[in-house]
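The values are calculated or read from the model by the stated rules, or taken from the named source; none is laboratory data. Bear in mind the structure is a predicted one, so any value in this text is a computation, not a measurement. Here Cβ is always computed from backbone atoms with ideal geometry, including for glycine, and neighbour counts include all displayed protein chains. For the accessible areas, the whole protein counts, side chains as well, though only heavy atoms, and no ligand, DNA or RNA atoms are used. Shrake-Rupley method; radii C 1.70, N 1.55, O 1.52, S 1.80 Å.
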Amino acid sequence: MPPDLNLRISPRTVQQETVDKLRLAILSGLFQPGSRLVESQLCAQLGISRPSLREALRSLEAERLIEIVPNRGPSVPALSWEEATAIYEVRELLEVEAAGRCASRIPAEQLRELEKSLSAFEEAAASHDSLAQVATAADFYSIILANCGNPILEEVHRGLVARISFFRGRSMSLEGRAQSSLAEMREIYESIAAGDEKAARKASKKHLLKAKAAAKISMDSAG
């Protein structure tokens, strides 16, 4: 007789799903930068209690995707170009180094995963699915970071992923940017696959500079 299986969903699962949905709403632009989040409305929309919502909001505050001001409640911060510049500078420090290190370290099965993630991004770019573009680009870089041989570098980058995704969404919203990104990411992949550290670093830096320029145009036009 099989053992009893407890199928009850844990509060942690509900909690994580709440965080994921709110994060998605922010990254997709459903909640615009500068907008206040009304707790009673969110509880009704998500079908959760206020304590559960507040715990989820604290998680998003730790990711710097929302800010909670006493007596004003939670809101989506209006991220400035100065902050975007700082994020792109740190991305360059981390991702260019990670791409170079990955080229000399990545095992064959992880290289296949990297190729799969590139194909997934290609599909997202072709379908003009902006959320899928952001998610698959994040997957591509997470594989590179996971195979760079430096877990601290990966950990620091992981702490920035939500804000990176926010600016990546702005960059990808620019007409034709997703297809350009695809060509740049393919160049990074091919350099890593060839084991060419120098070329991987160069391709990664080129990709970041172009992404930064696209994000600037997008944010200026939205401002």
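Evaluate the following for Ile152: is it at pLDDT below 95 and assigned to a helix (DSSP H, G or I)? For Ile152, the condition - at pLDDT below 95 and assigned to a helix (DSSP H, G or I) - is not met.
For region 32-65, the set of residues classified as at pLDDT below 90, more than 21 Å from Thr13 (Cβ to Cβ) and open to solvent by 40 Å² or more (accessible area, probe 1.4 Å) consists of Gln32, Pro33, Gly34, Arg64, listed by residue number. Tell me whether region 132-140 contains one or more residues that are at pLDDT 95 or above, over 23 Å from Ser59 (Cβ atoms) and in the same structural domain as Ile188 (by the TED database). Yes, region 132-140 has at least one match. Taking the listed residues Arg170, Arg105, the one that is of a type in the set (D, E, K, R) and closer than 30 Å to Glu67 by Cβ is Arg170, with no other qualifying. Can you name the residue in region 87-105 that is in contact (Cβ under 8 Å) with a residue 12 or more places away in the chain and open to solvent by 30 Å² or more (accessible area, probe 1.4 Å) and, of all such residues, is farthest from Arg158 (Cα to Cα)? Out of the qualifying residues, it is Ser104. Just one of (1) within 18 Å of the chain's Cα centre (by Cα); (2) over 24 Å from Lys21 (Cα atoms); (3) at pLDDT below 95 fails for Asn71. It is (1). Cβ separations smaller than 6 Å between residues 6+ apart or across chains give the following pairs from region 117-130 residues that are on the phi < 0 side of the Ramachandran plot and open to solvent by 10 Å² or more (accessible area, probe 1.4 Å) to residues that are assigned to a helix (DSSP H, G or I) and among the polar types (S, T, N, Q): Ala120/Thr136.
Yes or no, residue by residue, for (1) at pLDDT below 95; (2) hydrophobic (A, V, I, L, M, F, W, C); (3) under 20 Å from the mean Cα position of the chain (by Cα):
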| site | (1), (2), (3) |
| --- | --- |
| Glu67 | yes, no, yes |
| Ser75 | yes, no, yes |
| Leu94 | no, yes, yes |
| Cys102 | no, yes, yes |
| Lys116 | no, no, yes |
| Ala124 | yes, yes, yes |
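When Val156 is tested against (1) open to solvent by 70 Å² or more (accessible area, probe 1.4 Å); (2) more than 26 Å from Asp196 (Cα to Cα); (3) aliphatic (A, V, I, L, M), just one condition goes unmet, and that condition is (2).
Checked against the criterion of being in contact with a Cys (Cβ under 7 Å, 6 or more places away or on another chain) and open to solvent by less than 70 Å² (accessible area, probe 1.4 Å), region 189-196 has at least one qualifying residue. If you go through region 157-204 and keep only what is in contact (Cβ under 8 Å) with a residue 24 or more places away in the chain and basic (Lys, Arg), you end up with Arg163, Arg168, Arg170, Arg177, Arg186, Lys198, Arg201. Residue count for region 31-80, restricted to those that are in contact with a strand residue (DSSP E or B) (Cβ under 6 Å, 6 or more places away or on another chain) and more than 29 Å from Asp220 (Cβ to Cβ): 1.
Residue-level check: of (1) outside any helix (DSSP H, G or I); (2) surrounded by 17 or more Cβ atoms within 10 Å (Cβ to Cβ), Ala84 misses just (1).
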